Amino acid sequence: MQDLLSGILAQTQPKQNNTATDTITKLCDRLLNSTLLEDRRAAVLGLKGFCRDYREAVVTGGLRGLIAELQRDRLDTETVKATLETVLLLFIRDKSSQPADVDYIALWLADEFTQREENITLLIDILENKDFYVRLYTLQLLAAILSNRTERTQHCVFAAPLGISRLVSTLDDHREAVQNEAVMLLLRLVDSHPDIQKLVAFENTFDKTFTIVEREGGVEGGVIARDCLRLIANLLRFNSSNQNLFRETSCIPRLSNLMIVEKGDANWDDYKVKNLILVLEICRLFVVEGSLSTPTNQNILFQAGVLMNVLRLAFADSTNIQVRAMALVATGDLIRGNKEIQEKFANIDVPYINVSVPREPSQVQLEPEVIPVTQALLNWALSNSSVYAFDLRVGASMCLEGYFSNNNRTRTAFLEDAIDAYFKDSGDTKNAKLLSGLLDYETDARTDPYRTWFACVIMLHIFEGGEELKDLARSITIGNEEDGEEVVTAIQTISANLVASLQYKLDIRIPIAYNMLLSVWLYEDYEAINDFLSEGSSVQSLVADISQSASHNVLVEGMCTTVLAVLYGYCTTSSPIPRPVLHRLLISRIGRDSFITKLQLLRRHSLVRDFNPSEILSAEKDSTGLPSVLFNRVFIDFFKDRYSRLEKVLNRDPNRDPISPEAIEAQNELAIETMENLQRELEILKSALAASEGEKQKAVESLAEEKQKAETSRASSSEVTAAISREKEGLSSKLKESDSVIKKLQDQVAAAGKELTDERDKSREIERKLGNTAQSLGLERNKLDKRVKELEDSARKANNRIDGLEKDLVKSKERALQAESALRGLRESSNNEKAKLESKIKESEDSTTYMHSRLEESEKKNKQLSSKADQLQTLVDGFRTRAKELQSTIDSLQRVNGDKDRDIEQLQSQMTQRQIHIAAQEAELKTSQNTIENLRSETAILRERVSSAEDEIRVSKESVEQKLKSSQEKLASEVIKSSDLQKQLDVKTTEINKLQSALKESEEKMDDLLLVLSDLEEKLQKKEDDDGESDEEGEEDEEVDEAEDEGTEGVGQANGAAKTEIVNGSKHEFHGEEGSGDEVD
């Protein structure tokens, strides 16, 4: 028994690669050609076992069969489940492949599914099956195909009937795994495809996803909630119709409720933080800067309480710092450019929490101080020195930027409050002061360089409001002249702080911040430039620092050069440092080439060239441990827009003052006025041109009418001329006929006259002879007289005939004269008509000459177009000739294929005879199967006598072997009989392959018999365990289990030498048969 089971199990797995390939080929053939559902399912399960180790072989031979199996047995859950699982295993990469390598097999699989839309539609239809694994595997398979061929899969799903509806309906499946896969699939499907986004959204997806999020616990839900929020974000991103649907379906209150956090909530795990950030990003999608729907969305979000919930989240005592920063950024977007909401925002008071001071859990929590929201934002931007609070400082700065956007009123109020707070000696040390970060030289600048940087950035956003705010800032002075103190302006103080930061080699963020502020402040502001130049030592220090120090950073040198370029560009000959003096100083100390080089190095630096405002919150840290954030959007836009002017600033004449802004404005106004006048004149000219075009059109129409009339008159004259010519031709033909008649009559008269003259000559000769021979001819006188009388009668008749002919000739001449006179009259009348018509034609031709001259230009253009058309026609003709050649090639190929098809039909007819013989062998194999079933029934009855059952099985096995041997001998004889045919058709390898496949099918039938025996033994073993057999039978079961383990370890040993008695008795014969097949080959 142990040997029997080990032999059977050894045959279930191949031993070598070539044997595995053969087995895969057999399974693929069985999958395609089997008629029984169980056989096809067994073939699928067999291919599943080879998917990991022989992935490419399974894909090559069985992929199309697996797809066809999905279509054929889609209603059978077990088969569909096994097929889907097999295809999914084929998408798994080999362990030996690198992640960066392209998985060409996965691409092959995806192409096979997406090249036909019916395959994707089939998978979507399978989702109607409610089975858990069928739905799960189908969604995973669609996701795998989508990840490999995104665009094709999106197109197929979009084109599938009810495709989107069925995919979205899987969100209603309450099984968590199916729901997760559905969310992930939709998340990838809607990415960058607006049409699919709309269809998915209008399937009530927003409500379904919010329901899932709320069921999972809101923002504390975890991965499922995060995926649902990502799906909502993808549906709303850059899709105004979906945003309108989101608003109209009352989803905004549900979104706002997700931001409500309980007071003192200390549970801030990664899932909650990421989910809240996603919720805030969804809010920002509605208020994208520059969008036409942003003001409307801002008002709706404000009325729904979203702004207040975001502020509560930002200023809650236990909020995570990343969430707090993103909440401030979202607040800035919610109020940006909306003056009404900005004014309401300024009146909000919030509890201020100093996040830079750590609090112990045991510390008594005091009620936070309530201060205006703008002051709280300023405190967070300037007072948090911790590097971990950098995101919060950026968020506060961006929130203030949104508060200042397009609202000079809020800018002015904020700057005035900052000036009052700086000069007010209130002893308040809790609240930060904007001007302190700008004007006071901080002793802790080395530890917190971003305090000065954020102060300068806030001032840059204020200066975006225009010259009035710059004038207000320039009016700030330090020192009391009455007390004998030196009065220093704000610009002079900032320039002194800049020089000090360079001399003491402070962090580069400080001099870069001062340079950014001064560059924007001094540009086109002559008073500010004079204020800066009044402190000459600052200019000398900047020039010396750039020209002498070789250890400075490229960015710092470039920024200082930018400030000097702005100073020289807008200083005058009357400035504290005159323009020529400053020019000589820059040329002599720095040099023109070095000056330009430093600006170019700054422009080409990656932090300037690749600056992206959205990457500030995710900036990497440099060697100092601080984020690599050195520049601001305002300065980058300023520098890139004016770089070409700053680079060429030293080329300007130092002895000529630059044009003042007032002059530039006056010139602009004059240019605008001139432009308006020109536009008005242009409108007048356009109207005149339109009128002339109308007149021209009318003239053209009148000329066209005249031309048409001339053409009609020419046609009528040509008809009259044709009629006259036809009549003339008729008369000419009649004249020719009369001339021919007259000629005939004249010929007849001439012939008659000649005949008469001859007769007279003859009569005279006779008379002369008679006179001479009267005597001799006396007897014949009577005869002669009679003859004379007859001749006279004939002459008389001839004369009468001549007289009649002459009369007829006279009449014909008279008729001819009448015809000639009539013809002459017709000619005169036709000539007169022709002269009249020619005069009319000449007039019409004169009138159309202008039109022909006007049409010549169009004809030239038409000729050009016709030449191009001829070129295109030649190309088309070339393509047509090429198509004809291809068609002829195709026809020849079709004729060749027809010959081959006839050969194939002959071979098929011959193969049909062979298949009849093979069918007989299959019938005998079926009888052997019936015998095996009888053995199974006998074994079930005699389960208590295992040894006797084994003997009976052995006997039956021998009988089966004998029958198989006889069938093999018959089959061998058939092979011998067909050898002659195979030698004749050895070129046609297809028949040989089919014969070999038939032989292999018989071998597979034997494998099936052995598998049946294996199932029989397994059932017997189970029943023996249930009946509680003896310990000896238990030991035999253990030996069977060991044999099974050994058979499992020996995968690929089906055709080895160590076979059991059954294999030795039957399988060897099939090997012999295969050998005969090889001889045939």
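The values are calculated or read from the model by the stated rules, or taken from the named source; none is laboratory data. Here the structure is a predicted model, which means the values were calculated and not measured. Cβ sites come from the backbone with ideal geometry, for glycine too, and all protein chains shown count toward neighbours. Side chains included, ligands, DNA and RNA excluded: accessible areas come from the protein's heavy atoms. Shrake-Rupley method; radii C 1.70, N 1.55, O 1.52, S 1.80 Å.
Figure the gain on full extension for Leu162 and Asp195 (residue separation times 0.36 nm, minus the Cα-Cα span) and round it to one decimal in nm. Can you show the working numbers first?
On the way: separation 33, 0.36 × 33 = 11.88 nm, distance 1.44 nm.
Extra length available between Leu162 and Asp195 comes to 10.4 nm.
With the Cα gyration tensor of region 437-510 in hand, convert its eigenvalues to equivalent ellipsoid semi-axes via √(5λ) and list them largest first in whole Å.
Largest first, region 437-510 gives 22, 19, 9 Å.
Using r as the Cβ-Cβ distance of Glu78 and Ser240, and R0 as 45 Å, what FRET efficiency do you calculate, to the nearest 0.05?
0.40
Quote to one decimal, in nm, the extra length available between Phe202 and Asn257 on full extension: 0.36 nm per residue of separation minus the C-alpha distance between them.
17.5 nm
How much length is gained on full extension from Asp622 to Val554, taking 0.36 nm per residue of separation minus their Cα-Cα distance?
Going from the current span to full extension adds 22.9 nm.
Just going by the charge dipole of region 142-298, with Lys and Arg at +1 and Asp and Glu at -1 on Cβ, which of Leu280, Ala143, Met259 is farthest out on the positive end?
Farthest towards the positive pole: Ala143.
Using 30 Å as the Cα-Cα cut-off, could you pick out the over-long pairs in Lys505/Lys621; Lys424/Lys470; Lys272/Lys339?
Going by Cα-Cα distance, Lys272/Lys339 fall outside the 30 Å limit.
What is the spread of the Cα atoms of region 506-567 along each of their three principal axes, largest first, in whole Å?
Largest first, region 506-567 extends 33, 20, 18 Å along its Cα principal axes.
Among the GluC sites (Glu not before Pro) within region 617-702, which fall in a DSSP loop and have no more than 16 other Cβ atoms within 10 Å of their own Cβ?
Sites meeting the loop and neighbour criteria: Glu620.
Leaving out ligands, DNA and RNA, and with a 1.4 Å probe, what % of the accessible surface on region 413-507 is carbon or sulfur? Before the final figure, lay out each step's value.
Values: 2060 of 4540 Å².
About 46 percent, which is the carbon plus sulfur part of the accessible surface.
So for Asp103, Asp195, what's the accessible-area order with a 1.4 Å probe, most first?
Solvent-accessible surface, decreasing: Asp195, Asp103.
For Ser574 and Glu482, FRET efficiency with R0 = 22 Å and r from the beta-carbon atoms, rounded to 0.05?
Working: r = 30 Å, r/R0 = 1.35.
In this case the efficiency is close to 0.15.
Could you work out the Kirkwood radius for region 563-634, taking every pair of different alpha carbons, averaging 1/r and inverting it, reported in Å? Can you show the working numbers first?
Working: mean 1/r = 0.0669 Å⁻¹.
Its Kirkwood hydrodynamic radius stands at 14.9 Å.
Name the residue farthest towards the positive end of the dipole of region 101-220 from the options Leu171, Tyr104, Thr121, assuming +1 on Cβ of Lys and Arg, -1 on Cβ of Asp and Glu, about the Cα centre.
After comparing all options, I get Thr121.
Can you send over the carbon and sulfur percentage of the accessible area for region 236-317, probe radius 1.4 Å, protein chains only?
Here it works out to 52 percent.
Pop a pseudo-label 7 angstrom from the Cα along the beta-carbon direction at both Val288 and Gln697 and give the gap in nm to one decimal.
4.3
Where does region 131-177 land on Rg(C-alpha)/(2.2 N^0.38 Å)?
Scaled against compact globular proteins, the figure is 1.19.
Treating only the Cβ of Lys, Arg, Asp and Glu as charged (+1, +1, -1, -1), what charge dipole size does region 628-707 show about its Cα centre? Round to the nearest 20 debye.
Result for region 628-707 is approximately 560 debye, rounded to the nearest 20.
May I ask for the percentage of alpha-carbon pairs in region 242-393 that lie more than 20 Å from each other?
50
Give, as ranges by residue number, the residues of region 191-229 whose backbone N falls under 14 Å from the point 7 Å along Cα→Cβ of Ser318.
Counting only backbone N, you get 220.
Heavy atoms of the protein only, probe of 1.4 Å, neighbouring chains included. What is the accessible area of Ser250 in Å², nearest 10?
My reading of the accessible area for Ser250 is about 70 Å².
Where only protein heavy atoms count, and the probe is 1.4 Å, what is the accessible area per residue for region 148-214 in Å²?
On the way: 2930 Å² over 67 residues.
Per residue, region 148-214 has 44 Å² of solvent-accessible surface.
From the backbone phi of region 378-394, what are the Karplus-calculated ³J(HN,Hα) couplings (6.51 cos²θ - 1.76 cosθ + 1.60, θ = phi - 60°) in whole Hz, Gly and Pro given as x?
The phi angles translate into 5, 5, 5, 6, 10, 9, 7, 8, 5, 5, 6, 9, 5, 4, 5, 5, 5 Hz.
In nanometres, what is the gap between the two model label sites at Val223 and Leu670, each 7 Å from Cα along Cα-to-Cβ?
It is 7.3 nm.
Using a 7 Å offset from the Cα along the Cα-to-Cβ direction at both Thr60 and Thr211, what is the distance between the two label points in nm, to one decimal?
Result: 5.0 nm between the two label points.
Add +1 for every Lys or Arg and -1 for every Asp or Glu among the other residues with Cβ under 12 Å from the Cβ of Ser240, and state the total.
Taking every Cβ under 12 Å from that of Ser240, the sum is +3.
Quote the FRET efficiency, to the nearest 0.05, computed for Thr412 versus Arg592 with a Förster distance R0 of 60 Å and r equal to the Cβ-Cβ distance. Intermediate values should be presented prior to the final figure.
Numbers: r = 41 Å, r/R0 = 0.69.
Plugging the Cβ-Cβ distance into 1/(1 + (r/R0)^6) gives 0.90.
Please list Thr77, Thr712, Thr114 from largest to smallest accessible area, probe radius 1.4 Å, with all protein chains kept in place. Spell out each step's value before the answer.
On the way: Thr77 40, Thr712 85, Thr114 10 Å².
Reading off the accessible areas and sorting them downward yields Thr712, Thr77, Thr114.
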